[in-house]
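Each remark here refers to the structure printed beneath this line.
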Amino acid sequence: MNSNEFNELFKIISKRSKSKDKNSYTSKLLKLGSNKIAQKVGEESAELIVDYLKGSKKRTIEEAVDLIYHLFVLLHSKNITYKDVEKEIIKRKNVQRK
């Protein structure tokens, strides 16, 4: 897996979180706070599930990307970095499961 795109998305979210651009959806979402961010993650999760079960491959991919974006916003709002997530993935990769 090429993680560069995920890392780049994290960087874009961080940059836009500091933006004064009134048209920045990321900035607006972060200003609305944790309840709104959590709500959006829930909505996008539900939409992904619906398209997974009944939609096309194309729609499932689109909804998955929407969920990933909103999940990254949620993580950013909690001061969790891409490196934090990457470290946890590496840690889990090396754990033997029973």
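Points to keep in mind about this one:
- Criterion violated by Thr60 - all others in (1) within 21 Å of Ile12 (Cα to Cα); (2) touching a Phe, Trp or Tyr at 6+ places or on another chain (Cβ under 6 Å); (3) of a type in the set (Ser, Thr, Tyr); (4) at pLDDT 95 or above satisfied: (1)
- Residue among Tyr82, Tyr52 that alone is within 18 Å of Ser3 (Cα to Cα) and either among the polar types (S, T, N, Q) or touching a helix residue (DSSP H, G or I) at 6+ places or on another chain (Cβ under 8 Å) (or both): Tyr82
- Hey, Glu62 part of a helix (DSSP H, G or I), of a type in the set (Asp, Glu) and within 21 Å of Tyr82 (Cα to Cα) or not: no
- Leading residue by the ranking (farthest from Lys78 (Cα to Cα)) among those in region 32-67 that are surrounded by fewer than 17 Cβ atoms within 10 Å (Cβ to Cβ) and hydroxyl-bearing (Ser, Thr, Tyr): Ser56
- Checking each residue of region 78-88 against the condition of being surrounded by 13 or more Cβ atoms within 10 Å (Cβ to Cβ), assigned to a helix (DSSP H, G or I) and in contact (Cβ under 8 Å) with a residue 40 or more places away in the chain gives at least one match.
- Among (1) under 12 Å from the mean Cα position of the chain (by Cα); (2) free of Cβ contacts under 8 Å to residues at least 12 places away in the same chain, the one test that Ser24 misses: (1)
- Pairs where the first residue, in region 48-59, is touching a residue at least 12 places away in the same chain (Cβ under 8 Å) and the second is surrounded by 14 or more Cβ atoms within 10 Å (Cβ to Cβ), C-beta under 6 Å, 6+ apart: Leu48/Glu63; Leu48/Ala64; Leu48/Leu67; Asp51/Arg59; Asp51/Thr60; Asp51/Glu63
- Residues within region 1-31 that are within 16 Å of Phe72 (Cβ to Cβ) and acidic (Asp, Glu), tallied: 2
- Yes/no for Ser45 being touching a Leu at 6+ places or on another chain (Cβ under 9 Å), hydroxyl-bearing (Ser, Thr, Tyr) and in a helix (DSSP H, G or I): yes
The values are calculated or read from the model by the stated rules, or taken from the named source; none is laboratory data. Note that the coordinates shown come from a computational prediction; the quantities given were computed from them, not determined experimentally. Counting neighbours? That spans all protein chains shown, and the Cβs are built from the backbone with ideal geometry, glycine included.
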